[in-house]
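None of the figures in this text is laboratory data; all of them are computed from the coordinates on show. For clarity, every value in this text was computed on a predicted model and none was experimentally measured. Glycine gets a Cβ as well: all are built from the backbone with ideal geometry, and neighbour counts include every protein chain shown.
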Amino acid sequence: MKEAKTIYLSLGSNLGNKLFNLQRAVLLLQKELGIILEISGVYKSPSWGFEGEDFMNACLSLETNCTPAEILSIILKVEREMGRKRVPGEGYQSRNIDIDLLYYGSEIIKTDELTIPHPHLHLRRFVLKPLAD
């Protein structure tokens, strides 16, 4: 049996019913990944890297037995289930849900698919503030 890890995820939405999108993502992530330990407050922030509506952002910590690769797969599945369409090469764009894996325990991971801690974490106040909660 794998050892449970505490992971930290950031959630963002700037399309549709933003608060509902965040709530739905939290429920789907708990169903797929494990026990939610804490959820931050929700913060409003301007879009970052493109022109678009303001985002609602939050972070959560969760206990899971999944590997980082499994977590990434589940995150992408949840985003697809919620209607997110990723368009490679299009850059940042508005989305009803965006989920990023920020931390996987205290591990440092760098693969072609995944970098943990998230490589842009230190630049994103809209993640740092809810993460500090």
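Worth a mention:
- Stretching Leu123 away from Ile36 to a fully extended chain increases their span by 28.8 nm, per 0.36 nm per residue minus the current alpha-carbon distance.
- Scaling the Cα radius of gyration of the chain by the globular reference 2.2 N^0.38 Å produces a ratio of 0.99.
- Rounded to the nearest 10 degrees, the inclination of helix 68-81 to the longest alpha-carbon principal axis of the chain is 40 degrees.
- Between helix 18-33 and the chain there is an angle of about 20 degrees, using the helix long axis and the longest principal axis of the Cα atoms.
- Cα-centre dipole for the chain with unit charges at Cβ (Lys and Arg positive, Asp and Glu negative), debye to 20: 220
- Dipole-positive endmost among Ile97, Thr67, Ser10 within the chain (Cβ charges, Cα centre): Ile97
- Gap separating the Cα centres of region 1-37 and region 102-125, nearest whole Å: 17
- DSSP loop trypsin sites (Lys or Arg not before Pro) with at most 15 other Cβ within 10 Å: longest gap in the chain: 3-84
- The mean sequence separation of alpha-carbon pairs under 8 Å and at least six residues apart, normalised by the residue count of region 5-132, gives a relative contact order of 35 percent.
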